[in-house]
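The values are calculated or read from the model by the stated rules, or taken from the named source; none is laboratory data. Source: prediction; values computed, not measured. Please note: Cβ atoms are built from the backbone with ideal geometry, for glycine as well, and neighbour counts cover all protein chains shown.
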Amino acid sequence: MLASVTLRIVMLYLGLIITLAAAIANALAGNTSLTKLSLRGNYLHEPSGAAFANAMQHNSTIRKLDLEANQLSHTVFKACAI
């Protein structure tokens, strides 16, 4: 049995810049081992949220994606729903 892999990315008060968030989202789209990702409280905005929503359409491994405490709309949360 494979162990669950969790990654928590926290850059509180600095936030993730859009290009870094997009790079993480691109990596997430091709991910085959990460099962949980927390981006809680990183001041993500709609462009970053859209990148994660797109990535989740191509990812079947992630079981939990935490985007709470960001500047994202309900539309992004629905699109990222697992």
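Some points to look at:
- Matching option when the condition is surrounded by 12 or more Cβ atoms within 10 Å (Cβ to Cβ) and under 11 Å from the mean Cα position of the chain (by Cα), among 28, 72: 28
- Among the candidates 62, 82, residue that is of a type in the set (Val, Ile, Thr), within 11 Å of the chain's Cα centre (by Cα) and on the phi < 0 side of the Ramachandran plot: 62
- Residue match in the stretch 65-78 (condition: in contact with a strand residue (DSSP E or B) (Cβ under 8 Å, 6 or more places away or on another chain), part of a loop (DSSP other than H, G, I, E, B) and not hydrophobic (A, V, I, L, M, F, W, C)): no
- For the stretch 34-64, residues that are touching a Lys or Arg at 6+ places or on another chain (Cβ under 9 Å) and either part of a helix (DSSP H, G or I) or of a type in the set (A, V, I, L, M) (or both) total 4.
- Filter result for residue 23 (exposed (fewer than 15 other Cβ atoms within 10 Å of the Cβ), part of a helix (DSSP H, G or I) and either under 9 Å from the mean Cα position of the chain (by Cα) or at pLDDT 85 or above (or both)): yes
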